[in-house]
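Worksheet: one structure, shown below.
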Amino acid sequence: MPISQATTRRRFLQSSTATAAAGLLLPSPSTTLATDSANDRPVFATIGLRNQGWAITQKTLKFADFVALADVDSNVLGTNAERIRQRQGKRPDTYKDYRKILERKDIDAVMIATPDHWHTKVAVEAMYAGKDVYCEKPLTLTIAEGKLIEKVVKETGRVFQVGTMQRTESGQRFLQAIAIVRAGRIGTVRRITCGIGGFAPSPKIPVVPVPEELDWDFWLGPAPKVPYRALPEMRKGYGGGVPLYSNAHYAFRNWHEYSGGKLTDWGAHHVDIACWAIGANDTGPSKVTPLNYTLPVDYKDGYPLVDDMYNIATKFNVRAAMPNDVELLITSDGDNGILFEGTKGRFFVNRGKIVGQPVEELKTNPLPDGAIEKVYGGKVSENHSANFIDSIKSRKQPISDVWTHNRMLEICHLSNIAIRLDRELKWDPKIREIIGDKQANSFLSRENRKGFEIDM
């Protein structure tokens, strides 16, 4: 089924704005950039400010001026506006409705850190409004959404960065891992295991009054209209300050209606590095097999039978058959990180370490000069935001482009579908469809709730 769209107005797009493939030089956009100003700093806005929204904004303040923020939670909006005022000396304008940001002609780019189910709608509308886009991972809720974003990037010529920061940051450990693989230090790659952790189930979560500061209907947006649910216990640590158990922040990742659980959350990071290392950025698996898994509630025909408990898989082991007979395992077991295994050795990498015999051997047999830069495609940027800024100026797609992101994310989406339907899925990476399974293919897209269609 196609993504619901409102096509009430025609877009006049010049043929010169199409780019043939990711990484190619993009034509200059028709709009005048605020980087033409005296201080040569681009003008930014952030949509979605809680947790990761503030994280990416904070990293970008060094390179850009933030003039506007949008969030459906008035407390979050006010707090982050004050944070920015303290850092840049001027308070940004604030809006509940992100569309007010897209209407402004002085804004060059938007950073999107809404819950996953909002990403595609906001990103597509932002590009048609003439904005370059930085969007948090996972980019999409469905495979069809990824195809739509690719189409619009080509049509509009906008620069689009996905927030898979491991491509740029984490002490270059992941870039080093890819360079080790590509240098043949573990021989022929046979197996890659991505440990991404699991989720704990929830108790029953009751319907309660919506917090006064939250516009719940707008938070739901494209997702089905349901009551707000929460328990009194509050979350601590990262993402804290909200109920530990709810169907909103931070717990939205535990619901298929808004996210894909650990498989698209941490999977978007580690599966990305795995595919990059083996040169699978423009292809996909031939099949995806759920080896074992645990769902916290009963399912029928791929849909949960209750609506008052988390419904994302809590534990899982999934196998994807990749090109050149590489076995890709995605698991909730073991350490968070990536284990590369080949005919000559194995090593492990995560955000805190890179260990194993091939790594130890670098002391006496280092990688060739420029090996890391060759992986990255040039000098490694100061951080992921800096790469985005450089790409805006050069009109080249950044290191984490939508095409490579969507290809690896398809593996994560297919893993969720295979678990929900309890069967192996055969995948055609050329046409990007499940082979011979009409029911499974129905999960490749979704309909947006009436009133929240994508404004095309």
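Computed from the coordinates by the stated procedures, all read-outs in this text should not be read as laboratory data. What you see is a predicted model, and the numbers here were worked out from it, not measured in a lab. Every residue, glycine among them, receives a Cβ derived from its backbone with ideal geometry; neighbour counts consider all protein chains shown.
What the table shows:
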read-out: For the stretch 239-272 versus the stretch 303-341, the gap between their alpha-carbon centres in whole angstrom; value: 15
read-out: Size of charge dipole - the chain - debye, nearest 20, with Cβ of Lys, Arg +1 and Asp, Glu -1, no other charges; value: 580
read-out: Within the chain, helix-based [θ] at 222 nm, where runs of 4 or more DSSP H residues each add -39,500 (n - 2.57), nearest 500; value: -8000 deg cm²/dmol
read-out: Nearest-0.05 FRET efficiency for D97 and V210, computed from C-beta distance (R0 22 Å); value: 0.80
read-out: Ranked packing of 201-207, 267-273, most packed first, by mean Cβ within 10 Å; value: 267-273, 201-207
read-out: Packing-based ranking, highest mean first, of 383-391, 109-117 given that Cβ atoms within 10 Å are counted; value: 109-117, 383-391
read-out: Mean-position separation - Cα centroids, the stretch 104-167 and the stretch 377-456, in angstrom; value: 11
read-out: The chain: relative contact order in percent, alpha carbon pairs under 8 Å with at least 6 residues between; value: 23
read-out: Selected from P211, Q357, P290, residue furthest toward positive end of dipole (the chain; charges at beta carbon); value: Q357
read-out: Charge dipole (debye, nearest 20) of the stretch 315-456; +1 at Cβ of Lys and Arg, -1 at Cβ of Asp and Glu; value: 240
read-out: Dipole magnitude of the stretch 70-168, debye to nearest 20 (Cβ charges: Lys/Arg +1, Asp/Glu -1, about Cα centre); value: 240
read-out: Extension reserve of the E424-R235 stretch, reckoned as 0.36 nm per residue once the Cα distance is removed; value: 64.4 nm
read-out: Relative contact order of the stretch 367-456, defined on C-alpha pairs under 8 angstrom at six or more residues apart (%); value: 12
read-out: Ranked packing of 136-149, 225-238, 431-444, most packed first, by mean Cβ within 10 Å; value: 136-149, 431-444, 225-238
read-out: 16 Å Cα-Cα reach of K225 towards lysines, excluding residues that sit fewer than 8 places from it in its own chain; value: K450
